[in-house]
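Nothing in this text is a laboratory measurement; each read-out follows from the coordinates by a stated rule. These numbers were taken from a predicted model, which means no experiment stands behind them.
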Amino acid sequence: MAARSHVRAMLKQKLNWKRPLFYLLLPIFLVMVFLGFPLPVAPPPATKPAQEQTAVVKKKKKRVGLFMSEADRDGN
């Protein structure tokens, strides 16, 4: 039972958040002292334009008719 009362006493204590917060932020403040504020960061890379989409072109079938010349029939 003594252990339970000890745990309750620890939970009822007011948590001190200032000291851990200070030690967490101290390295950030030291970096800012030497580099300045705001921290120098590179700009984001430029975005590339999207590649144009090509439409598929259907080939027309060559019609061999009766009224074609000899040169057209040979493929010239």
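Segment residue 21..residue 56, full-extension length gain: 6.4 nm, with 0.36 nm per residue of separation and the alpha-carbon distance subtracted. Rounded to whole numbers, the Karplus 3J(HN,Hα) couplings from phi for region 50-60 are 5, 6, 5, 8, 9, 8, 6, 9, 7, 7, 7 Hz, using 6.51 cos²θ - 1.76 cosθ + 1.60 with θ = phi - 60°, and x at Gly and Pro. Across region 22-36, rounded Karplus estimates of 3J(HN,Hα) from the backbone phi angles (6.51 cos²θ - 1.76 cosθ + 1.60, θ = phi - 60°) give 4, 6, 6, 8, 4, x, 5, 5, 5, 5, 5, 5, 8, 9, x Hz, Gly and Pro being marked x.
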